[in-house]
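This structure is in structure tokens; I'll ask about it shortly.
The values are calculated or read from the model by the stated rules, or taken from the named source; none is laboratory data. Values in this document were obtained by computation on a predicted structure and should not be read as measured data. Heads up, the Cβs are rebuilt from the backbone with ideal geometry, glycines too, and the neighbour counts pull from every protein chain shown. Note: areas computed on protein heavy atoms with side chains; ligands, DNA, RNA excluded. Shrake-Rupley method; radii C 1.70, N 1.55, O 1.52, S 1.80 Å.
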Amino acid sequence: MAATPDQRARTADASLPPRSFGEEGARLSYGDYLRLRDLLAQQAPQSGASDELLFITIHQVYELWFKLLLHELERIRDAMAGGELWHARHLFRRVHAVERVLVEQVQVLETMTPQDFLEFRSVLAPASGFQSVQFRELEFLSGVKDEAYLARLRDADDAELARLRRRLAEPTLWDAYLTALSQRGLAVSDAEIMDSLLAVARDRGSYDDLWELAEDLLTHDETTAHWRMRHVQMVERQIGTKSGTGGSSGAPYLRGRTRMQFFPLLWELRAWL
Ligand code: HEM
Ligand SMILES: N[C@@H](CC(=O)c1ccccc1NC=O)C(=O)O
């Protein structure tokens, strides 16, 4: 089709991109599609401290990644339960890549000095990452369910509490993996599960997909523990042995949480091989 006069004029002016980039009609813009006016208006420092924007930005970025992880881990759970083990493995590549970013991202916050954090820390209490609803949803979906958080997260609104209750009621990643094992004729009762995990580990020729999926689950567990460790190291750099704004002992509480395991039987399995 011959170029229109406007296209000819634009291609004559090399500085302008040709309309062929889909600007005909200009119905949807980058900013409108990503709702950037709303998104970039959501960083509201409470103090005049120059490092508070960093503090807010990194938390909001974490929460956006948590939102994506919840979406992908739900799809992985449903793929495992539905026998689509290839799809679960495919999505785990994405989950592991995001979780590596979450670990690396801690160093951005470590560019803030404790002196500059103290410029605004006083306005934060009693807010704390302890109140991250999505972080608890990730723990519940991964298999560590603790309904005590429903009472402890006093600032959670009704919709957030409903999400937490749904996560407590729904199957976990581990439940879905047990379903995948049972669909291959492997026993999954408490008394027999370790034998089934050993059967998979010792016969990767027959169960290569189930073995690789167990390794993917373990990488999710390991990378989350890695983030917990990097978080507490960062905390000790920022506040030392001070107690937390959320009311905890601070670093000692957080160090205790680094020992958490989503899939204890997959770790215990190593001792039996
Ligand atoms: C200067 C930076 C930070 C400091 C000093 C800090 C400190 C703390 C402390 C002391 C706690 C224990 C609860 C409390 O008493 O407050 C905590 C919990 C937590 N923080 Fe942070 N934090 C920082 C940054 C972050 C960031 C960037 C995130 C990312 C989302 C985050 C997520 C969490 C989560 C999820 C918990 C709950 C951990 C659990 O209960 O296992 N924190 N933080
Ligand atoms: N608990 C932190 C305060 C803090 O880091 C924070 C405060 C408000 C919102 C998110 C936070 N991040 C993690 O706890 C502290 O004790 O300094």
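Yes or no: ARG75 in contact with a His (Cβ under 9 Å, 6 or more places away or on another chain), open to solvent by 30 Å² or more (accessible area, probe 1.4 Å) and part of a helix (DSSP H, G or I)? Reasoning before the result, please.
Working: in contact with a His (Cβ under 9 Å, 6 or more places away or on another chain): yes; open to solvent by 30 Å² or more (accessible area, probe 1.4 Å): yes; part of a helix (DSSP H, G or I): yes.
Yes.
If you don't mind, another one. Take ALA162 and decide whether it is under 18 Å from GLU74 (Cα atoms), among the hydrophobic types (A, V, I, L, M, F, W, C), open to solvent by less than 30 Å² (accessible area, probe 1.4 Å) and in a helix (DSSP H, G or I).
Values: under 18 Å from GLU74 (Cα atoms): yes; among the hydrophobic types (A, V, I, L, M, F, W, C): yes; open to solvent by less than 30 Å² (accessible area, probe 1.4 Å): no; in a helix (DSSP H, G or I): yes.
So ALA162 does not fit the description; no.
Out of the residues in the stretch 231-248 meeting the condition of being more than 6 Å from ligand 1 (Cβ to nearest atom) and among the polar types (S, T, N, Q), tell me which one is nearest to the chain's Cα centre (by Cα).
The qualifying residue nearest to the chain's Cα centre (by Cα) is GLN233.
Could you check the stretch 173-185 and list, in sequence order, the residues that are touching a residue at least 40 places away in the same chain (Cβ under 8 Å) and open to solvent by 10 Å² or more (accessible area, probe 1.4 Å)? First the steps, then the outcome.
In the first step, residues of the stretch 173-185 are kept if they are touching a residue at least 40 places away in the same chain (Cβ under 8 Å); the result is 173-177, 179-180, 183.
TRP174, ASP175, THR179, GLN183 - these are the residues of the stretch 173-185 that are touching a residue at least 40 places away in the same chain (Cβ under 8 Å) and open to solvent by 10 Å² or more (accessible area, probe 1.4 Å).
If you check GLN233, GLN238, which single one turns out to be in a helix (DSSP H, G or I), within 9 Å of ligand 2 (Cβ to nearest atom) and of a type outside the set (A, V, I, L, M)?
Working: GLN233 fails: within 9 Å of ligand 2 (Cβ to nearest atom).
The unique qualifying residue is GLN238.
Give me the pairs, please: first residue somewhere in the stretch 125-145 and near ligand 2 (Cβ under 9 Å from one of its atoms), second residue anywhere and open to solvent by less than 10 Å² (accessible area, probe 1.4 Å) and modelled with pLDDT under 95, beta-carbon distance under 7 Å, and either six or more positions apart or on two chains.
GLN131/LEU153
Can you go through ALA191, ALA201 and tell me which one is at pLDDT 95 or above, open to solvent by 50 Å² or more (accessible area, probe 1.4 Å) and of a type in the set (Gly, Ala, Ser)?
On the way: ALA201 fails: open to solvent by 50 Å² or more (accessible area, probe 1.4 Å).
Within the list ALA191, ALA201, the selection yields ALA191.
Suppose we keep only residues that are touching a Lys or Arg at 6+ places or on another chain (Cβ under 8 Å) and of a type outside the set (Phe, Trp, Tyr) within the stretch 148-159. Which one would you say is most open to solvent (accessible area, probe 1.4 Å)?
Filtering the stretch 148-159 for residues touching a Lys or Arg at 6+ places or on another chain (Cβ under 8 Å) gives 149-150, 153.
Add one more test, that the residue is of a type outside the set (Phe, Trp, Tyr), and what stays is 150, 153.
Values: LEU150: 41, LEU153: 6 Å².
Per the stated criteria, the residue is LEU150.
So, in the stretch 102-145, of the ones that are of a type in the set (D, E, K, R) and surrounded by 12 or more Cβ atoms within 10 Å (Cβ to Cβ), which residue ends up farthest from ligand 1 (Cβ to nearest atom)? Walk me through how you get there before you give the answer.
Here is the first cut: in the stretch 102-145, the residues of a type in the set (D, E, K, R) are 104, 110, 116, 119, 121, 136-137, 139, 145.
Filter once more, so that each one left must be surrounded by 12 or more Cβ atoms within 10 Å (Cβ to Cβ): 110, 116, 119, 121, 136-137, 139, 145.
Values: GLU110: 9, ASP116: 10, GLU119: 12, ARG121: 8, ARG136: 8, GLU137: 11, GLU139: 8, LYS145: 14 Å.
Per the criteria, the residue is LYS145.
Still on this structure: Are any residues in the stretch 115-153 of a type in the set (Asp, Glu) and in contact with a Leu (Cβ under 8 Å, 6 or more places away or on another chain), and if so, which ones?
From the stretch 115-153, those of a type in the set (Asp, Glu) are 116, 119, 137, 139, 146-147; that's our starting set.
Selection gives GLU137, GLU147.
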